[in-house]
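Before any comments, here is the structure.
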Amino acid sequence: MPTYNADVPTVDGFMDCFIAHPDGEGPFAPIILYMDVPGIRQELEDFAQRLAADGYMCVLPDLYYRDGKVRFDLSKGAEELQRMFLLRKVLDGMEDAQAIEFLIERLKSSKTNEEFFSAMKTGVKGKKK
């Protein structure tokens, strides 16, 4: 099964995306596999390949592309975990659409990961309806 990386142009530079799809010409139904907080890692690439084996074209975008190849290193301990779980804390209690809108707003106003995390610290926690 073919896998490759593609640089997708954005207003903030090129976003690296891992792509996996079945053998053959397609067309294949697309799936966007969003990374979780630790970022792109082998587990997610393996999952994308499993989806491709089931007949889908899977795109795994690196949402931290603004700062290069940023990955959370969980071996760094508590400080790294705090950064990771900040996102979960802010989004907890929001409806899905509200959380997506909130993230898009914060991402648009952030030029770096540090700006994003700073913006998340000042976020207003949503309420479930």
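The values are calculated or read from the model by the stated rules, or taken from the named source; none is laboratory data. Everything quoted here is computed from the prediction, not taken from an experiment. Cβ placement follows ideal geometry from the backbone for every residue including glycine, while neighbour counts extend to all protein chains displayed.
Some notes on this structure:
- Verdict on residue 63 being touching a helix residue (DSSP H, G or I) at 6+ places or on another chain (Cβ under 6 Å) and either aromatic (Phe, Trp, Tyr) or outside the structural domain of residue 110 (by TED's automatic domain parsing) (or both): no
- If you filter segment 29-39 down to residues that are under 15 Å from the mean Cα position of the chain (by Cα) and under 19 Å from residue 56 (Cα atoms), you find that the one that is modelled with the highest pLDDT is 33.
- Against the criterion of being farther than 20 Å from residue 104 by Cβ, surrounded by 14 or more Cβ atoms within 10 Å (Cβ to Cβ) and modelled with pLDDT under 90, residue 61 does not qualify.
- Looking across segment 5-23, just one residue is at pLDDT 90 or above and charged (D, E, K, R), and that is 23.
- You will find that of 40, 31, the residue that is surrounded by 13 or more Cβ atoms within 10 Å (Cβ to Cβ) and in a loop (DSSP other than H, G, I, E, B) is 40 and no other.
- Among the conditions (1) more than 27 Å from residue 86 (Cα to Cα); (2) assigned to a strand (DSSP E or B); (3) at pLDDT below 90, the only one that residue 26 does not satisfy is (2).
- Considering segment 1-23, the residues that are charged (D, E, K, R) and assigned to a strand (DSSP E or B) include one that is surrounded by the fewest Cβ atoms within 10 Å (Cβ to Cβ), namely 7.
- Just one of the listed residues (88, 71, 83) is at pLDDT below 85, under 13 Å from the mean Cα position of the chain (by Cα) and not aliphatic (A, V, I, L, M), and it is 71.
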